[in-house]
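First up is the structure itself, then whatever we jot down about it.
We did not get these values from a lab; they are worked out from the coordinates using the rules stated. Note that the structure is predicted; figures quoted are calculated from it, not measured. Don't worry about glycine lacking a Cβ; one is built from the backbone with ideal geometry, like all the others, and counts go over all protein chains shown.
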Amino acid sequence: MKILIIGSGGREYAIALALKRDENVKNLYFAPGNGATDGLGVNIDIKNFEELAKFAKQESVDLTIVGPEAPLVEGITDIFKKHNLTIFGVSKDAARLEGSKAFMKDFLSRHNIPTARYIQTNSIEQANSFIDTLKLPIVVKADGLCAGKGVIIAKSKKEAKETAESMLNGDSFGNAGKNIVIEEFLDGYELSIFAVCDGENYKIFPAAQDHKRLLDNDEGPNTGGMGAYAPTPLASDDIYAQTEEFIIKPTLKGMKDEGAPYTGVLFIGAMVVDKKVYVLEYNVRFGDPECEVLMPLLKTSASELFYKAATGRLNELNLEFKDEFAVGVVMASKDYPYKNSESQIINVTDRSDEHSHVAYAGVCKKDGTIYTNGGRVLVCVGVGKSIKVARDNAYNLTKKVSFEGAKFRNDIAYQAFK
Ligand code: AMP
Ligand code: GLY
């Protein structure tokens, strides 16, 4: 098979590593890829979706897999399908589940899927009167995509009202904040649960946990994610059962009934409160760094999984995972997440083996040398028969990878040991 992967992060690198394990995957292309993906395939510098579809046709690409949300929200899937190409990723209509928090919350409410009590509005008067009915803290969210920054947890009603106002008048997030969601705060623990869906059928992955804050003990600012592990013992059989019955099944049925069948990754940002699972948010793609710890656990062929999902044949597939755990520790640049950092040479003193490997994310290549080129630079992934062994393997790898200013959390997977 020839496979084109859209994206440039550690998530796409991890998907590629899983595909490379398949004997039937012959060629990998990345658009645009990063400074390390060219070691796994060929980086293509084409941004326009029509041009990319033309490239896929010319090269007889069998399957395109879309990593990030932006191209999905912009409609890459619809364009590839128009050209009769096989692509794994949601349609533009289905991508509204991530592209608009107001749409997502109204969808959950229409289909009685458990979520925090909320309103969505563009009126400051409505916002203020709903805020007055809520207990503290209060969650205020910009409707549109804000690169993970559009959620504010306000500690007072005054702060909630001021936040709502600065979103609505466009000051904080421009057009993405012209509509807002205000909701009650759910106090529990978070899980990242993924289902690969083909419009009708789905296959669920082992639940993961992300670590959003920059510093140990969940302190410091929010980031895109500083590490992840899977499977987490915090997801019981009952939690998986609730997620399937009350979340995934009604979502697939609801999307189909509403004319936007869901073919792609359903990422459930879940909050468990008193053993009950609520949807905090949907994303229409794999999480990053969650993907980096899930792909190494796949036993089933990755190309078969994504191809069958893209062609509506997931019912033919038995999705299996290794009886192992994976832990991923993100190494970030000196000034992440505050500002861009100067590019630095990355030194790796050890090759990857079956127990640990590097998933490269924000990197570029100059004269054959790999440099940092982004906030989250790479993920040290460890795999093992227990979370402890997987974590030790990941942290041992961090000792063999270095660049100036590198920083990482020392407590990834701590919730599994509580
Ligand atoms: P989101 O982008 O919607 O996932 O929100 C980012 C983060 O904000 C989540 O991962 C949670 O940690 C937190 N969050 C969002 N909504 C709520 C809520 N209703 N209650 C508690 N925490 C929330
Ligand atoms: N790690 C969370 C996300 O990808 O949104």
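Annotations for the structure displayed:
- Within the range 13-63, GluC sites (Glu not before Pro) in DSSP loop having at most 14 other beta-carbon neighbours inside 10 Å: GLU23, GLU59
- Among beta bridges from DSSP that stay inside the chain, the antiparallel ones total about 80%.
- Sorted largest first, extent of the range 1-52 alpha carbons per principal axis (Å): 30, 21, 15
- Phi angles across the range 213-219 convert, under the Karplus curve 6.51 cos²θ - 1.76 cosθ + 1.60 with θ = phi - 60°, into 3J(HN,Hα) values of 7, 5, 10, 3, 6, 6, 10 Hz, Gly and Pro given as x.
- Each listed q (0.18 Å⁻¹) maps to a log10 I(q)/I(0) for the range 153-215 from the Debye sum over equal C-alpha point scatterers, namely -0.89.
- Computed [θ] at 222 nm, deg cm²/dmol, the chain (DSSP H ≥ 4; -39,500 (n - 2.57); rounded to nearest 500): -7000 deg cm²/dmol
- Global size of the chain: 20.7, 60 Å for Rg and Dmax (C-alpha atoms, Rg to one decimal, Dmax whole).
- For the range 200-256, convex hull volume per residue from C-alpha positions, Å³: 113 Å³
- Its relative contact order, with pairs defined as Cα atoms under 8 Å and 6+ residues apart, puts the chain at 17 percent.
- Rh (Kirkwood; distinct C-alpha pairs) - the range 80-190, Å: 14.9 Å
- For the chain, excluding the exposed loop sites themselves (chymotrypsin sites (Phe, Trp or Tyr not before Pro), DSSP loop, at most 16 other Cβ atoms within 10 Å), the longest remaining stretch covers 1-184.
- The orientation-averaged shadow of the Cα convex hull for the range 62-111, equal to a quarter of the hull surface, comes to 3.7 nm².
- Equivalent ellipsoid, the range 256-310 (semi-axes from 5 times Cα gyration tensor eigenvalues, Å): 23, 19, 10
- For the range 159-304, the equivalent ellipsoid derived from the alpha-carbon gyration tensor has semi-axes of 27, 21, 16 Å in decreasing order.
- For the range 1-88, the convex hull spanned by the alpha carbon atoms encloses 80 Å³ per residue.
- D (Stokes-Einstein, µm²/s), Kirkwood Cα radius, the range 214-291, 1.306 mPa s at 10 °C: 110 µm²/s
- Once C-alpha pairs closer than 8 Å and six or more residues apart are averaged by separation and normalised to the residue number of the range 288-418, the relative contact order reads 29 percent.
- Nonlocal amide H pairs with SER172, under 5 Å, H built at 1.01 Å: MET167
- Ratio of the Cα radius of gyration of the range 251-381 to 2.2 N^0.38 Å, where N counts its residues: 1.33
- The ratio of the alpha-carbon radius of gyration of the range 305-418 to the globular-protein estimate 2.2 N^0.38 Å is 1.27.
- Taking other C-beta atoms within 10 angstrom as a stand-in for reagent exposure, HIS357, HIS111 fall in the order HIS111, HIS357, fewest first.
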